[in-house]
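> Have a look at the structure that comes next, please.
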There are 2 protein chains.
Amino acid sequence: MTLRTIVATLLAATLAACATPRSQDNAEILRDKALEDQAGYSFVRDLTTEVGPRMGGTEADARAVAWTKARFEQMGFDKVWLEPVTFAQWQRNHERARVLGKFPQPLHITALGGSVGTQGELTGEIVMVEDYAALLATPSAQVKDKIVFIKNRMRKHKEGAGYGEAVIARGKGALEAEAKGAKALLIRSIGTDSHRFAHTGMMSMSAGQPQIPAAALSNPDADQLERLLAKGKVEVSLDINVGWTGEYTSHNVIAEITGKGRPEEIIAIGGHLDSWDLGTGALDDGAGVAITAGAAYQFIKHRQRPQRTIRVIAFSNEEQGLIGAKAYAKAHADELSRHIVASESDFGAGPIWAFKTRLANPSDEFIARAQALLKPLGIKYLGNDATSGGPDIIPMADKGVPLFQLKQDGTDYFDYHHTADDTLDKINPEHFNQNLAAWTVMLHLFANEYQLQEK
Amino acid sequence: MTLRTIVATLLAATLAACATPRSQDNAEILRDKALEDQAGYSFVRDLTTEVGPRMGGTEADARAVAWTKARFEQMGFDKVWLEPVTFAQWQRNHERARVLGKFPQPLHITALGGSVGTQGELTGEIVMVEDYAALLATPSAQVKDKIVFIKNRMRKHKEGAGYGEAVIARGKGALEAEAKGAKALLIRSIGTDSHRFAHTGMMSMSAGQPQIPAAALSNPDADQLERLLAKGKVEVSLDINVGWTGEYTSHNVIAEITGKGRPEEIIAIGGHLDSWDLGTGALDDGAGVAITAGAAYQFIKHRQRPQRTIRVIAFSNEEQGLIGAKAYAKAHADELSRHIVASESDFGAGPIWAFKTRLANPSDEFIARAQALLKPLGIKYLGNDATSGGPDIIPMADKGVPLFQLKQDGTDYFDYHHTADDTLDKINPEHFNQNLAAWTVMLHLFANEYQLQEK
């Protein structure tokens, strides 16, 4: 949806309203002002420019925390504070790969998060398998002392459905390859582009730390490796210098607008402040922090103090295992029952096309009101069966906190996700502001209207 | 134009012909067979897979020469031979850049071809100028001991017109910056994409070897540097390890189908065999060698020996200054008068949309015949005022060799040109084969029909 379409829709609605004149209510006014506001976009622009990449545990992590605290204070939130989040620190120094033998050439790779290094150069013959399931079915004798290459391709999908299907290769491939005696793991990037960027991302550590190195090939390099394998045996050299280096304490950065009517009741929103180290984390997830903080800021800017408290959480280290999210749910266990609803923006900055809820008992009037406010933005209601409020909301949702979800078009999200190419130019400012307006509507609804009458 | 459209057009033409039945002539038959042939595409697929990147003077240069000679022989050309091409050897080891100060972060760069290295780490303050003309107008005092950053953006254009406008920054920027006392040069990449790939390419050496290092930033990194400069002074550290290392002898690889009627008359076509070292040189210019060799191959495959000799030249080291092309024109000076026409394919693999000629006196009948054969491929005639037959044809054209030009749609060419992202997946096989068919038509016309009746 373009700004032009949005404006045309709003104009049509306004003209229709002229037949039976009424003035816009506060939610409508805030929504329409949000469409034009620059505070959200400037947040992600400045964060990605001044801090740049900000992987958990790096020097930039601390700069990101200080930067965000200062920006929240400048924006005029009532309270801004830090809460500590401690985790094991993983570091990337360099990674190199090349094909040996008759057809020598470099390959573009990136180590997977949590990988161990190669301790210098590691060489081995490639054994290609179709996907993770095929690896499970491969006899150890075929894999022993070789480098496993999992070739499965992620498909494009508006809601990112291809990610869940493909990402198991990244999450569990190394541990399985190691169990079968492999020397190392290579995977085709979990991404939907055809550019020479390898996609990083965390391995699952729940079943243990793999002791073999693991890396992703860019998709064109994975194609190349497949073609080379069609010509015969392929030997590859890997030089991956990464690893776990110690313990680090970062912080969730939290900002609040205190409710004037029911300050103890909390609307919890946010995004994650950390990014991977390759790009500047514009889509993942500078946009999410900026959209949610920018939406909350509409209430400050336009002096519309909400009834309930709006709390914006810039979560620490989502990428390496929802670490800030778990810390938040633990630290706030006693007040989770007073979290009226929670939601995160963490799927880029594509236009929102639908919303869902997971509320105990939403009234038909409330849903109709939400539909009426969001329809001019091109957003439809899909029901009260939301299964997710975003990754950092999972620990809260597991404790019963109600959810809403604003569903973004993520068709292109996995072209950039976890690559060096996740930079500010990938954010469309019109789409970004459509997000900002939708979040502003949701905040107004939940902070000022939801079930206030029944209570 | 899709294969579907081409087939539909051909079918319509065939049906129309049914009204007054006539069988296809040899040119039409070869054209239509070329549309379906795989020999051209498999040439570029195998070259980019088995040799990979093949910068002039690298070990891969020699592999590319041997590979191409062997492939030409396999294809059944009557003669295949090498001609030596000697040049100064330039080597890239590594390049790194980072912003220092308050907003520290890495920048993605690539050294420009012919650059000297930094001899370790070089740090300096950035002075940004709009373009090369602005650099000329900048007083030395503003530039002295600083790192000049030329920010001009290349525009997209079907015929690549933006390249000529922008590339002077790469060609002459370093020498001018050096003359004003600068420590180093950075330019925005001469490219039209917004991905995190820096575009390399040669500096002009005609006025002398710059003694300061020069590199290109990826376009998103150039944007970032502009934003950082808007916030105040920016200091950057460069660590560029590149340089001239000696002399190297490579080869032009030449293949011929000997004409049966006028073997001494030559139709000279080809592409350049070298690529830059960052990508695998699929678009630039594996495609060009493969399209022209693949078109010539149609005459071998279908046993249609031409009247004139068709000569395919895989030129050595185009990228660093048309070095193979100059060697060819010099070595063949005595027979250039017997070069009936020459043309190179060196603008990627986009669909051909028009053709031009530069012939002494083409008959109306000949042009009408060419138009009739090319129209079903969606190609129109633009006149006898061709200004270029491709870069490697320049030294021959300067000696009066006539030209034809098959103009490709290059709208996206400079998204990939001289980057790591120039890989096989960027070639659309249907577009590639439309090229192959058009080149086959041109070969048939010039080898069998052009002015044969007048002579």
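Every read-out reported here was derived from the displayed coordinates using simple, explicitly stated rules and does not represent laboratory data. Worth saying up front: this structure is predicted, and the values here are computed from it rather than measured. Using ideal geometry, Cβ is built from the backbone for each residue, glycine included, and neighbour counts are taken over all protein chains shown.
> Looking at region A:335-449 only, what percent of DSSP beta bridges run antiparallel? Nearest 5 please. Numbers along the way, then the final one.
Details: 6 of 9 bridges.
The antiparallel proportion sits near 65 percent.
> Continuing with the same structure: Rounded to whole Å, give me the distance from the Cα center of region B:361-417 to that of region A:353-385.
If we compute the Cα centre of each part, the gap is 59 Å.
> Same structure, new question: Straight distance only, please: which lysines reach the Cα of B:K180 with their own Cα at less than 17 Å, same-chain residues fewer than 8 apart left out?
B:K144, B:K146, B:K172
> When chain B is turned about an axis onto chain A, which of its residues keeps its C-beta closest to that axis, and how many Å is it?
Chain B residue with minimal Cβ-axis distance: B:H195, 3.
> For chain B, find the longest principal axis of its Cα atoms and tell me its angle to the long axis of helix B:59-75, 0 to 90°, nearest 10.
With both axes taken from Cα atoms, the answer is about 10 degrees.
> Counting other beta carbons within 10 Å of each residue's own, what order do B:L436, A:L374 fall into, fewest first?
Details: B:L436 30, A:L374 22.
In order of increasing Cβ crowding within 10 Å: A:L374, B:L436.
> Can you tell me the equivalent ellipsoid semi-axes for region A:38-155? Use √(5λ) from the Cα gyration tensor, largest first, whole Å.
Values: eigenvalues 365, 55, 49 Å².
Working through the eigenvalues yields semi-axes of 43, 17, 16 Å.
> Relative contact order for chain B: what is it in percent, counting Cα pairs under 8 Å that are at least 6 residues apart? Please report the intermediate quantities before stating the final value.
Details: 1073 pairs, mean separation 102.5, N = 455.
With pairs under 8 Å counted, the relative contact order is 23 percent.
> For chain A, what's the radius of gyration and Dmax over Cα atoms, in angstrom?
For chain A, the Cα-based Rg and Dmax read 23.4, 79 Å.
> Further question: In debye, nearest 20, what is the charge dipole magnitude of region A:94-242 about its Cα centre with +1 on Lys and Arg Cβ and -1 on Asp and Glu Cβ, if you could check?
Values: 19 positive and 16 negative charges, 57 e Å.
The dipole of region A:94-242 has a size of about 280 debye.
> Give me a single rounded figure for A:40-51: the average over its residues of other chain Cβ atoms within 10 Å of their Cβ.
2
> Considering only Cα-Cα distances, which of the following residue pairs are longer than 30 Å: A:K158/A:K260; A:K301/A:K375; A:K69/A:K330?
Details: A:K158/A:K260 39 Å; A:K301/A:K375 24 Å; A:K69/A:K330 21 Å.
Exceeds cut-off: A:K158/A:K260.
> Would you please put B:192-204, A:240-252 in order of how densely packed they are, using the mean number of other Cβ atoms within 10 angstrom per residue and starting with the highest? Intermediate values should be presented prior to the final figure.
Details: B:192-204: 24.2, A:240-252: 18.1.
Top of the packing list down: B:192-204, A:240-252.
> Separate question: Taking every residue in A:297-303, how many Cβ atoms of other protein chains lie within 10 Å of its Cβ, on average?
The per-residue average across the peptide is 0.
> Quick one: P(r) of region B:90-242 from all Cα-Cα pairs, 5 Å bins, percents rounded to integers, in order of increasing distance.
In whole percents, the pair-distance histogram is 2, 11, 21, 25, 23, 13, 5, 1, 0.
> Any idea what % of Cα-Cα pairs in the protein assembly as shown are farther than 44 Å? Working shown, then result.
On the way: 164511 of 413595 pairs.
Above the 44 Å cut-off, the protein assembly as shown has 40 percent of its Cα pairs.
> Once phi is turned into θ = phi - 60°, what whole-Hz ³J(HN,Hα) does the Karplus curve with 6.51, -1.76 and 1.60 give for every residue of region A:350-364, x standing for Gly and Pro?
Each residue of region A:350-364 in turn: x, x, 7, 10, 7, 9, 10, 9, 9, 10, 4, 7, x, 6, 4 Hz.
> With both partners inside the protein assembly as shown, how many of the DSSP beta bridges are antiparallel, as a percent to the nearest 5? Display every interim value, and only then the final one.
Working: 82 of 140 bridges.
Antiparallel bridges make up about 60 percent of those DSSP assigns within the protein assembly as shown.
> Here is a further query. Do any GluC sites (Glu not before Pro) in region B:384-455 lie in a loop, going by DSSP, with at most 16 other beta-carbon atoms within 10 Å of their beta carbon, and if so which? Please report the intermediate quantities before stating the final value.
Working: sites: B:E430, B:E449, B:E454; in loops: B:E454.
Taking region B:384-455 and a limit of 16 other Cβ atoms within 10 Å, the loop GluC sites (Glu not before Pro) found are B:E454.
> Going by C-beta contacts inside 10 Å, put A:W439, A:W81, B:W353 in order with the fewest on the left.
Values: A:W439 27, A:W81 13, B:W353 19.
Ranked by crowding around the Cβ, least crowded first: A:W81, B:W353, A:W439.
> Please compute the average number of Cβ atoms from other chains found within 10 Å of each residue's Cβ in peptide A:352-359.
Values: counts 0, 0, 0, 0, 0, 0, 0, 0.
Partner-chain Cβ atoms within 10 Å, mean over residues of A:352-359: 0.
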